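Trainee: Below are the structure tokens for one structure; questions will follow.
The values are calculated or read from the model by the stated rules, or taken from the named source; none is laboratory data. Here the structure is a predicted model, which means the values were calculated and not measured. Note that we place each Cβ from the backbone using ideal geometry, even for glycine, and neighbour counts take in every protein chain shown. Areas reflect the complete protein model, heavy atoms only, side chains present, ligands, DNA and RNA absent. Shrake-Rupley method; radii C 1.70, N 1.55, O 1.52, S 1.80 Å.
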Amino acid sequence: MKTNCYVEYHGKKELYQTMIDAVKSAWRANGGRVKDLNNIDLYYKPEEGMCYYVINNEEKGSFQV
């Protein structure tokens, strides 16, 4: 069974998996390996159009959604 999870706020709609994939891509672009990901904390602020994340309780970043 395939399940999609969306975040929707004031006319903006983002697929959760798209944001997770973007975090993984950023991790790989900085030399990280996906198998070294232990956890991702994702904070989506639709009013700002930004997604903030913390990888493995240490590495922080953000990107525009």
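Trainee: Assuming 0.36 nm per residue, please report the length gained on full extension of the stretch residue 38 to residue 26 beyond their Cα-Cα distance.
Mentor: 2.8 nm
Trainee: For the chain, what is the mean residue ellipticity at 222 nm derived from helices alone (per DSSP H run of n ≥ 4: -39500 (n - 2.57); sum divided by total residues; nearest 500 deg cm²/dmol)?
Mentor: Working: 1 runs with 14 residues, N = 65.
The helix-only estimate for the chain comes to -7000 deg cm²/dmol at 222 nm.
Trainee: Per residue, how much accessible area does the chain have with a 1.4 Å probe, in Å²?
Mentor: 74 Å²
Trainee: Leaving out ligands, DNA and RNA, what percent of the accessible area of the chain is carbon and sulfur, probe 1.4 Å?
Mentor: 46 percent
Trainee: Go through 12/35; 24/60; 2/24 and tell me which ones have a Cα-Cα distance over 24 Å in this structure.
Mentor: Details: 12/35 32 Å; 24/60 12 Å; 2/24 20 Å.
Distance filter (> 24 Å) returns 12/35.
Trainee: Sorted by mean Cβ packing within 10 Å, highest first, what order do the peptides 54-63, 34-43 take?
Mentor: Listed from highest to lowest mean packing, they are 54-63, 34-43.
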